[in-house]
Amino acid sequence: MPKLSMLLVLALCATPVERARAQDAYTMREEMIPMRDGVKLYTRIFTPANQSGNLPLMFIRTPYGIGGSSSRQVEAGMGFLARDGYIFVYQDARGKFTSEGEFVMLRQPRANKADPKAIDEATDAYDSIDWLVKNVPRNNGRAGMTGVSYPGWLTAVAMMDPHPALKAVSPQASPSDMWLGDDFHHNGAFRLAYGFEYAVMMESGRETQRFAFDNYDIYDWFLKLGTLANVNKNHLKGKIPTWNDFSQRPDYDAFWQGQGMAPLLKKPVTVPNLNVAGWWDQEDFYGPITIYRELEKHDAGNNKNWLIVGPWFHGGWMRGEGKSLGPIQFEEATGPFFRDSVMAPFFAHYLHDKPAPRLAEAIVFEAGSNKWRRYDAWPPKAGSSPRNFYFAANHGLSTEPPKGNTPQFDSYVSDPNKPVPYRQTPIPATFSQGSTWSTWLTDDQRFAASRPDVAVWQTPSLTEDLTIAGDISVTLHAAISGSDADWVVKLIDVYPDTGMTEPRMNGYQFMVSNEVFRGRYRKSNSKPEAIVPGKVTDYTIDLHTQAYTFKKGHRVMVHVQSSWFPLIDRNPQKYVPNIFEAKDSDFMVSTQRVYRSAAYPSRIVLPVVSRVAQ
């Protein structure tokens, strides 16, 4: 979720000439728009000063504050849309900054839709659009909505209970389920540093406030913190509602299920919807992919649900060139392609009656080959097939299944008091000045591969390109000496040891896909169970989806480890009902065995492309 007003962030890419031109481009109007329960939401309306005729409304709702918005920033951030002519409307979400009411993190849908005073984020959007079309001069009676992350979620919620004037939406990097795979948890494993910092920032007051760490290295800070019970005891004192939800609701209970979007996605798509995701989104990749897939089940023949995925970090498609991410080069300006060739014509068609854009069902950027691909479905229905890559002896990764009846395994010792860092230390706070959080997924993984508590398997150098397009999964057969375990799996592209143009890229280990799975939830997300020590247990881990080419001369590598700190909280490795209430004495060293025998063939399954999609 972006932590600043999208307007403020996007304005950074404007040139001095653009800023000067934009100074008098809009007239600004401020309103407190009344909702059905009497609460008023602070709204700024920017009407083009030099464009005649009636124009559609482009509506963005955010909890991150619109107070700094100006004509210059509208033009800088939305200039690629402004060329077609829009009245831009920005609104502080309920309970944030200048808007009245109470802020509730990812407010659940209203229980009683028959109650005329019942509210949720969908009704706030509905009531706002209703007021806008009736009270803003020169609007043409049509509205679009967009936004990245939390504003994307607000867009998605509005789409599922839309005002009749809402004619097109683009929810971008919207979370879908905060327990299964977005900001706060992945498969029940708690996203510690982010969850802590974000909850404090959003719920310490009406305006955002960063937590003041007294140590630059948050790996060290969270390790010294000790058990999670010390967060409320020593710092938050029970004053942050979302942290209390984390600590009191560790399992996938009715609260987390109700907060997810799944209940909203079980009906036909009525508003044309452009879903946007980034392959290396450090916060919300699961969400937009899931929203697209669930809506697609109800869009047969309707052609109102599209997906575009590019080589971007969280929100990176809305600013800059997008030619690179961290040290990874893509050779093409992917950001302008999205903004000018996809998003702008999408809204222009539905809000201005301009010609239909050339949209495929799914437009995805295939990194490695660095080409855009167009598919009639995602994942592709044809052109790729699953191929097993088995964990093998001598840390090999082979397409040949293991043979023989002798139990074979690789093992490592996992110590929760010496957890594997998710990136090289020192690690700055997620939202600190100068943080490189947005690009950490591109970090070189050699620091992890060299640790004794990370198991590694890899192919020989590829003799030809290997392209994947679709879903990736991992099957682990493993035994532990403890009674609970986390399994972190990373799919890595290993660059050649020599010959790279940039010397530091020789041997670089680039993380293509990754995920964490908390072992206690292997049977049920809502009813965790201890793992039987010493028993070989099966785990299926979803590494989501990807379009990628491993180039000739590169190697395919898999990492498996049992900690990823402080991205993920420490698993005590001794089963306790609630890890947030674990004691220091509960944390134990565990020996992890990953089996790779005929009886227990641990493997990664890649969707290998047999023909290149055009």
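Restricting attention to the stretch 210-217, does a residue exist that is modelled with pLDDT of 95 or more, assigned to a loop (DSSP other than H, G, I, E, B) and under 15 Å from the mean Cα position of the chain (by Cα)?
No, the stretch 210-217 has no match at all.
Answer yes or no as to whether R570 is within 30 Å of F389 (Cα to Cα) and over 23 Å from the mean Cα position of the chain (by Cα). Even if it seems obvious, please write down each step before you answer.
Numbers: within 30 Å of F389 (Cα to Cα): yes; over 23 Å from the mean Cα position of the chain (by Cα): no.
Spelling it out, it is not the case that R570 is within 30 Å of F389 (Cα to Cα) and over 23 Å from the mean Cα position of the chain (by Cα).
Starting from the stretch 566-589, keep only residues that are surrounded by 18 or more Cβ atoms within 10 Å (Cβ to Cβ), then list their pairs with residues that are polar (S, T, N, Q) and not in a loop (DSSP other than H, G, I, E, B) whose Cβ atoms are within a distance under 8 Å, requiring at least 6 positions of separation or different chains.
Between residues of the stretch 566-589 that are surrounded by 18 or more Cβ atoms within 10 Å (Cβ to Cβ) and residues that are polar (S, T, N, Q) and not in a loop (DSSP other than H, G, I, E, B), the close pairs are Q573/S414; Q573/S590; F580/S247; F580/Q248.
Among V271, V231, which is the only one that is touching a residue at least 12 places away in the same chain (Cβ under 8 Å) and under 24 Å from the mean Cα position of the chain (by Cα)? Break it down stepwise before answering.
Values: V231 fails: under 24 Å from the mean Cα position of the chain (by Cα).
Among V271, V231, only V271 is touching a residue at least 12 places away in the same chain (Cβ under 8 Å) and under 24 Å from the mean Cα position of the chain (by Cα).
Here's a check for you: in the stretch 406-432, which residue that is hydrophobic (A, V, I, L, M, F, W, C) and under 22 Å from N394 (Cβ atoms) is nearest to the chain's Cα centre (by Cα)?
As a first pass, look at the stretch 406-432 and keep what is hydrophobic (A, V, I, L, M, F, W, C): 409, 413, 420, 427, 429, 431.
From what is left, the residues that are under 22 Å from N394 (Cβ atoms) are 409, 413.
Details: F409: 34, V413: 31 Å.
My answer is V413.
Give the stretch 559-601 a look and list any residue that's of a type in the set (F, W, Y), more than 14 Å from G519 (Cα to Cα) and not in a strand (DSSP E or B), or say none.
Let us first name the residues in the stretch 559-601 that are of a type in the set (F, W, Y), namely 564-565, 575, 580, 587, 595, 600.
Those still in the list that are more than 14 Å from G519 (Cα to Cα) too: 564-565, 580, 587, 595, 600.
If the condition is that a residue be of a type in the set (F, W, Y), more than 14 Å from G519 (Cα to Cα) and not in a strand (DSSP E or B), then W564, F580, F587, Y600 are the ones that fit.
Name the residue that is farthest from G260 (Cα to Cα), counting only residues in the stretch 176-213 that are crowded, with 22+ Cβ neighbours inside 10 Å and of a type in the set (F, W, Y).
Among them, the one singled out is F196.
If only one of G65, G77, G147 is crowded, with 19+ Cβ neighbours inside 10 Å and farther than 23 Å from A348 by Cα, which one is it? Step through it out loud before you land on a result.
Numbers: G77 fails: farther than 23 Å from A348 by Cα; G147 fails: farther than 23 Å from A348 by Cα.
Selected residue: G65, the only one of G65, G77, G147 that is crowded, with 19+ Cβ neighbours inside 10 Å and farther than 23 Å from A348 by Cα.
For the stretch 382-405: of the residues being under 31 Å from the mean Cα position of the chain (by Cα) and at pLDDT below 95, which is nearest to F565 (Cα to Cα)?
Per the stated criteria, the residue is S384.
Would you mention how many residues in the stretch 188-205 are in contact with a Lys or Arg (Cβ under 6 Å, 6 or more places away or on another chain) and assigned to a loop (DSSP other than H, G, I, E, B)?
Counting residues in the stretch 188-205 that are in contact with a Lys or Arg (Cβ under 6 Å, 6 or more places away or on another chain) and assigned to a loop (DSSP other than H, G, I, E, B) gives 1.
Which of the residues spanning the stretch 442-458 are of a type in the set (K, R) and either crowded, with 20+ Cβ neighbours inside 10 Å or assigned to a loop (DSSP other than H, G, I, E, B) (or both)?
Result: R451, single match.
If I ask for residues that are touching a Leu at 6+ places or on another chain (Cβ under 9 Å) and among the aliphatic types (A, V, I, L, M), which ones from the stretch 195-250 would you list?
Of everything in the stretch 195-250, those that are touching a Leu at 6+ places or on another chain (Cβ under 9 Å) and among the aliphatic types (A, V, I, L, M) turn out to be A199, V200, L228, V231.
What number of residues in the stretch 523-541 are out of contact with any Ser or Thr (no Cβ under 9 Å at 6 or more places or on another chain) and either among the basic types (K, R) or part of a loop (DSSP other than H, G, I, E, B) (or both)?
Our first condition is that a residue be out of contact with any Ser or Thr (no Cβ under 9 Å at 6 or more places or on another chain); within the stretch 523-541, this holds for 523-529, 535-537.
Now drop any that are not either among the basic types (K, R) or part of a loop (DSSP other than H, G, I, E, B) (or both), which leaves 523-529, 535-536.
So the count comes out to 9.
Mind listing just one residue for me: the one in the stretch 35-81 that is of a type in the set (K, R) and at pLDDT 95 or above and, of those, farthest from the chain's Cα centre (by Cα)?
Applying the first criterion (of a type in the set (K, R)) to the stretch 35-81 yields 36, 40, 44, 61, 72.
Next, only the ones that are at pLDDT 95 or above stay: 36, 40, 44, 61.
On the way: R36: 32, K40: 31, R44: 28, R61: 19 Å.
Per the criteria, the residue is R36.
Of all residues in the stretch 56-98, count the ones that are more than 17 Å from M318 (Cβ to Cβ) and part of a helix (DSSP H, G or I).
Summing the residues that are more than 17 Å from M318 (Cβ to Cβ) and part of a helix (DSSP H, G or I) in the stretch 56-98 gives 1.
Got at least one residue in the stretch 137-157 being under 25 Å from the mean Cα position of the chain (by Cα) and in a loop (DSSP other than H, G, I, E, B)? Before you say what the answer is, go through the steps one by one.
Start the filter on the stretch 137-157 by keeping residues that are under 25 Å from the mean Cα position of the chain (by Cα), which leaves 144-157.
Among the residues that remain, those that are also in a loop (DSSP other than H, G, I, E, B) are: 149.
Yes, there is a match, as at least one residue in the stretch 137-157 is under 25 Å from the mean Cα position of the chain (by Cα) and in a loop (DSSP other than H, G, I, E, B).
Restricting to the stretch 120-154, what's the tally of residues that are touching a Pro at 6+ places or on another chain (Cβ under 6 Å) and either acidic (D, E) or farther than 30 Å from H314 by Cα (or both)?
2
The values are calculated or read from the model by the stated rules, or taken from the named source; none is laboratory data. Since the structure is predicted, the reported quantities are computational estimates derived from the model, not experimental observations. Every residue, glycine among them, receives a Cβ derived from its backbone with ideal geometry; neighbour counts consider all protein chains shown.
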